[in-house]
Amino acid sequence: MVLAKTIPPVGASPGTLSIAEGSPPPKVRAILYNETSVQEHQISDLDELASIPHQPLKAWIDVQGTGDEEVLRRIGSIFSLHRLVLEDIVSVPQRPKSEAYDHHHLLITRMLSIRSPDTVEVEQVSIVIGANYVLTFQERYGDILDPVRNRLRKGPGLIRSAGPDYLAHGILDTVIDGYYPVLEALGDQLERLEDRVMLRPTAKTLEQLTDKRHVLLQLRRTLWPQREAVQQILRDEHPMITNQSRVYFRDTLDHCVQVTEVTESYRELIQSLMNTYLSMLAQKTNEVMRVLTIIATIFIPLTFLTSVYGMNFHYMPELSVRWAYPLLLGLMAAVGIGMLVYFRRRGWLGSYKGDEDDEAD
């Protein structure tokens, strides 16, 4: 989950567009709608957009890809977008925010998607609300907004009869709801990691926990400013956002709060699992050291016996006894076995007596 910031050169004038290398060329799709009809068009000639700001139909202009500065400036000219709006659109990733301008309102959010079980991709979505239109700008092709498009296609409903601000709410709410499956997948992964930490902790487990903590840190950096942006919509008066739609933005704020709380709980769980991992690792090390210490302790008296009878003194009576060697071996075996039994009874070898009592309970 890598966020590479694209910014204009140092000292550049406001409104300078700095487009990231490799950004795909824009694909523009228009959905024109009112209470009784819906029209969808793939825009190949930007002149087709020129009439949209002045027609009675409401419009959703979806721009996927930001790799062509000329196309973006042309769209900005058609819809009279402030030059700072275009700069925010291409300077990714922007901090989620809500900003009001004279003739339009800018919302910036981030959309999450799962490309593989261990990869979460983050994409900036910029939403511009105008008098009779909504513009959305996305970094790449593809999104999670098909439910909103299907609501427009389905038939008469509030999303058709209400203003563009309600459509913008639907887009923002769908983006925020897209965090739930990502967090659900992360939760499943954390459950598996929890089992590994308790049963067979390895360095790979710690690496995976670190990766998940990094992902959740990025989510936290997204969600807190997103909450502030939605709260600003509810707190301040915006000419492009009506009181009717502001009620629904309150529901989006609730979703932001819920997702933030889940994210925080997962971060705490990861920290707890990392502490548990370190404790389990220390316990495993202590077990190994205990076994090695016991082995060394057993061999201390045996080493003493062999060192005594390894001395080269002439007058050592035991050396002339026929059974001295097997008796010494027997003594060494008895000492070793006796120490093992003693250590076992004291709970220094094998399971602790307290553990056996717990199992009996």
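In what sequence, largest accessible area first, do LYS212, LYS97 appear using a 1.4 Å probe? Kindly include the intermediate steps, with their values, before the conclusion.
On the way: LYS212 20, LYS97 40 Å².
The ordering from most to least exposed comes out as LYS97, LYS212.
With a 1.4 Å probe and every protein chain left in place, work out the accessible area per residue of the stretch 216-270 in Å², rounded to a whole number. Intermediate values should be presented prior to the final figure.
On the way: 2730 Å² over 55 residues.
Dividing the accessible area of the stretch 216-270 by its residue count gives 50 Å².
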Distance-filtered residues of the stretch 315-346 - backbone nitrogen under 16 Å, label point 7 angstrom along GLN283 Cα→Cβ: none
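Take TRP60, TRP323, TRP348 and sort them by solvent-accessible surface of the protein heavy atoms, 1.4 Å probe, largest at the top. All intermediate terms of the calculation are to be shown ahead of the outcome.
On the way: TRP60 0, TRP323 165, TRP348 105 Å².
Heavy-atom accessible area, descending, gives TRP323, TRP348, TRP60.
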Protein accessible area in the stretch 255-326, 1.4 Å probe - carbon and sulfur %: 66 percent
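Could you tell me whether the chain comes out rounded, prolate or oblate from its Cα gyration tensor? Rule is a ≥ b ≥ c as square roots of the eigenvalues, rounded for a/c under 1.5, then prolate if a/b exceeds b/c, otherwise oblate.
Numbers: a/c = 4.66, a/b = 3.36, b/c = 1.38.
Prolate.
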With +1 on each Lys and Arg Cβ and -1 on each Asp and Glu Cβ, and nothing else charged, work out how big the dipole of the stretch 96-199 is about its Cα centre, in Debye to the nearest 20. 480 debye
At 222 nm, what value in deg cm²/dmol follows for the chain if DSSP H runs of at least 4 each add -39500 (n - 2.57) and the sum is divided by all its residues, to the nearest 500? -18500 deg cm²/dmol
Honestly the stretch 74-155 on the Cα gyration tensor test (a ≥ b ≥ c root eigenvalues; a/c under 1.5 rounded, otherwise a/b vs b/c for prolate or oblate) is just oblate
Under the Karplus curve 6.51 cos²θ - 1.76 cosθ + 1.60, θ = phi - 60°, whole-Hz ³J(HN,Hα) for the stretch 234-240, x wherever Gly or Pro sits: 6, 7, 9, 8, 10, x, 8
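Give me the one-decimal Kirkwood hydrodynamic radius in Å for the stretch 35-109, with the sum taken over alpha-carbon pairs. Don't jump to the answer; show the numbers that get you there.
Working: mean 1/r = 0.0717 Å⁻¹.
Result for the stretch 35-109, one decimal place: 13.9 Å.
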Inverse mean reciprocal Cα-Cα distance (Kirkwood Rh) of the stretch 141-193, Å: 12.8 Å
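Carbon and sulfur atoms: what percent of the 1.4 Å accessible area of the stretch 26-106 do they account for? Before the final figure, lay out the partial values.
Working: 1650 of 3730 Å².
So the carbon and sulfur contribution to the accessible surface is 44 percent.
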Carbon and sulfur: what percent of the stretch 206-252's accessible surface (1.4 Å probe)? 47 percent
Stretch gain in nm, segment GLU228-ALA185, where the contour uses 0.36 nm per residue and the Cα spacing is subtracted: 12.9 nm
Give me the base-10 log of I(q)/I(0) for the stretch 71-216 at each q in 0.13, 0.15 Å⁻¹, Debye formula, one uniform scatterer per Cα, rounded to two decimals. -0.69, -0.84
Taking the dipole about the Cα centre of the stretch 233-321, with the C-beta of Lys and Arg at +1 and of Asp and Glu at -1, give me whichever of LEU281, VAL308, HIS255 is farthest to the positive side. VAL308
Heavy-atom accessible area per residue - the stretch 83-139, 1.4 Å, Å²: 32 Å²
If you wrap a convex hull around the alpha carbons of the stretch 236-331, what volume per residue comes out, as a whole number of Å³? 134 Å³
For the chain, with the dipole built from +1 on Lys and Arg beta-carbon atoms and -1 on Asp and Glu ones, taken about the Cα centre, which of PRO93, THR119, GLY76 lies farthest toward the positive end? THR119
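Give the average over all directions of the projected area of the C-alpha convex hull of the stretch 180-241, one decimal, in nm².
Details: hull surface 21.6 nm².
So the Cα hull casts an average projection of 5.4 nm².
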Between THR252, THR276, THR66, where does the largest GNM mean-square fluctuation fall for the chain, given springs only between Cα atoms within less than 10 Å? THR276
Taking the Cα centre as origin and putting +1 on Lys and Arg beta-carbons and -1 on Asp and Glu beta-carbons, what dipole magnitude results for the stretch 243-283, to the nearest 20 debye? 100 debye
When the chain is modelled as a GNM with alpha-carbon springs shorter than 10 Å, which of TYR266, TYR133, TYR309 fluctuates the most? TYR309
13 Å reach of a label modelled at ALA324, 7 Å along Cα-to-Cβ, counting backbone N of the stretch 300-316: 308-316
Using R₀ = 41 Å, calculate the FRET efficiency as 1/(1 + (r/R₀)^6) where r is the Cβ-Cβ separation of GLN39 and LEU84; round to 0.05. 0.85
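Mind putting a number on the dipole of the chain about its Cα centre? Charges go on the C-beta only, +1 for Lys and Arg and -1 for Asp and Glu, and I need it in Debye to the nearest 20. Working shown, then result.
Details: 37 positive and 46 negative charges, 191 e Å.
So the dipole magnitude of the chain works out to roughly 920 debye.
If exposed means no more than 16 neighbouring beta carbons inside 10 Å and the site is in a DSSP loop, what's the longest run of the chain without any exposed GluC sites (Glu not before Pro)? Let's see the in-between values first.
On the way: sites that count: GLU21, GLU35, GLU237.
Answer from the scan: 36-236.
The values are calculated or read from the model by the stated rules, or taken from the named source; none is laboratory data. The model shown is predicted, which means the values in this text are computed figures rather than measured ones. A quick note on method: Cβ atoms are made from the backbone with ideal geometry, for glycine too, and the neighbour counts reach across all protein chains shown. With ligands, DNA and RNA removed, areas are computed over all heavy atoms of the protein, side chains included. Shrake-Rupley method; radii C 1.70, N 1.55, O 1.52, S 1.80 Å.
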